[in-house]
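The values are calculated or read from the model by the stated rules, or taken from the named source; none is laboratory data. All of these numbers come straight from a predicted model, not from anything done at the bench. So basically every Cβ, Gly included, is an ideal-geometry build from the backbone, and we count neighbours across all protein chains shown. Just so you know, the surface numbers come from the protein's heavy atoms only, side chains and all, with ligands and any DNA or RNA stripped out. Shrake-Rupley method; radii C 1.70, N 1.55, O 1.52, S 1.80 Å.
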Amino acid sequence: MAEKSGTYWVTWANTHAKNSHSLDDLSEPFKSNVKAFIKALKDAGATVTVSTTKRSDKRAYLFHCSWKIAQGKCKAADAEKMTGVNIQWDHGSDTDSKKSAEKMVSGFGLAVPPRSSNPPALTSNHISGKAIDITIKWTGILKVKNKKGAEVSVPYKQNVNQNTALHSIGESYSVKKIKTDAPHWSYNGR
Ligand SMILES: [Zn+2]
C-alpha cells in the first residue's frame, strides 16, 4: 500500500535512500581516476575530506517532487512515479497535498526561492556515481604529481574555485572541477 507524502518519507529516506560517502560506490572509470587523484594529493601532504560520492536516485526523486508540489510547479496528481518508492503525493485536496510536500521540503532542508528557484535535479553526475564532493586542504605550496608523474607546485587558495593549478592536476586524472560549486568534481566538469 502506498504511504502518503509527509515527514514519514524524510525518516524513510534517511534510512533507505542515503547519500554515500564511499569512493567504492562511484562508477568506473571515474572511481579509479578519483582514487588516483586523491592518492596524489595525500602523498603530497594535503588532507582530503569526502562529503558525498553517489547520491541515491530515490532521495533525488523525493527532493525533486516534494519541491515542485510545495512550490505549486506540479500538481500532486501529476507527479512522476518511481519504482521502489511507494509514495502517494495526492492527498485528495491540493491544500493537503501541498502542505505535506512542504513538510518534506523543510525536513530535507531544501533550498527554496529566493535561495534557489530550480527544483533539486533528478539527474546529476552524483546519481550515476560520476561526481564527488571533496574538501582539499594544505598549507603553503603543495608539490603534487599529475597523472604523468610530473611534480607541479600548487599554492593554497582559500577559494578552491579559483585554484586553476589544482583544477589542471585534477584534469590530468580526468577529474574535472565545476567552478561554481566549491566541493564538486566530476567526470565531465558538470
Ligand atoms: Zn557535488
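Within region 10-61, the set of residues being over 18 Å from GLY109 (Cβ atoms) and of a type in the set (D, E, K, R) comprises ASP24, ASP25, GLU28, LYS31, LYS35, LYS39, LYS42, ASP43, LYS54, ASP57. Applying the condition of being at pLDDT 95 or above and farther than 17 Å from GLY45 by Cα to region 129-146 and asking which residue is most open to solvent (accessible area, probe 1.4 Å) yields LYS130. Does region 31-45 contain any residue that is within 19 Å of VAL175 (Cβ to Cβ) and modelled with pLDDT under 95? There is no residue in region 31-45 that is within 19 Å of VAL175 (Cβ to Cβ) and modelled with pLDDT under 95.
As a summary of the residue check, ILE127 satisfies the conditions (1) touching a Lys or Arg at 6+ places or on another chain (Cβ under 8 Å); (2) of a type in the set (A, V, I, L, M); (3) away from the ligand (no atom under 16 Å from the Cβ) except for the one numbered (3).
Going by the conditions given, is THR11 within 23 Å of GLU171 (Cβ to Cβ) and surrounded by fewer than 18 Cβ atoms within 10 Å (Cβ to Cβ)?
On the way: within 23 Å of GLU171 (Cβ to Cβ): no; surrounded by fewer than 18 Cβ atoms within 10 Å (Cβ to Cβ): yes.
Answer is no for this residue.
Against the list (1) surrounded by 20 or more Cβ atoms within 10 Å (Cβ to Cβ); (2) more than 16 Å from the ligand (Cβ to nearest atom); (3) within 15 Å of ALA40 (Cα to Cα), the condition ALA101 fails is (3). Across region 137-190, the qualifying residues are those that are of a type in the set (Phe, Trp, Tyr) and within 16 Å of the ligand (Cβ to nearest atom), and the one among them that is nearest to the chain's Cα centre (by Cα) is TRP185. Beta carbons closer than 7 Å, at least 6 apart along the sequence or on distinct chains, pair a first residue in region 123-138 that is farther than 20 Å from SER32 by Cβ with a second that is open to solvent by less than 20 Å² (accessible area, probe 1.4 Å) and part of a loop (DSSP other than H, G, I, E, B) for LYS137/ALA46; TRP138/ALA46.
So which residues in region 145-190 are assigned to a strand (DSSP E or B) and either among the β-branched types (Val, Ile, Thr) or on the phi > 0 side of the Ramachandran plot (or both), if there are any at all?
VAL152, VAL154
Checking the condition loosely packed, with under 12 Cβ neighbours inside 10 Å and either modelled with pLDDT of 95 or more or under 22 Å from HIS21 (Cα atoms) (or both), which residue from ALA150, ALA121, ALA182 passes?
On inspection, the qualifying residue turns out to be ALA150.
Which of the following residues is touching a Pro at 6+ places or on another chain (Cβ under 9 Å), under 16 Å from VAL48 (Cα atoms) and touching a residue at least 24 places away in the same chain (Cβ under 8 Å): VAL175, VAL144, VAL160? After ruling out the rest, the residue left standing is VAL160. Selection within region 74-117: residues that are in contact (Cβ under 8 Å) with a residue 60 or more places away in the chain and among the hydroxyl-bearing types (Ser, Thr, Tyr). The member of this set that is farthest from THR11 (Cα to Cα) is SER97.
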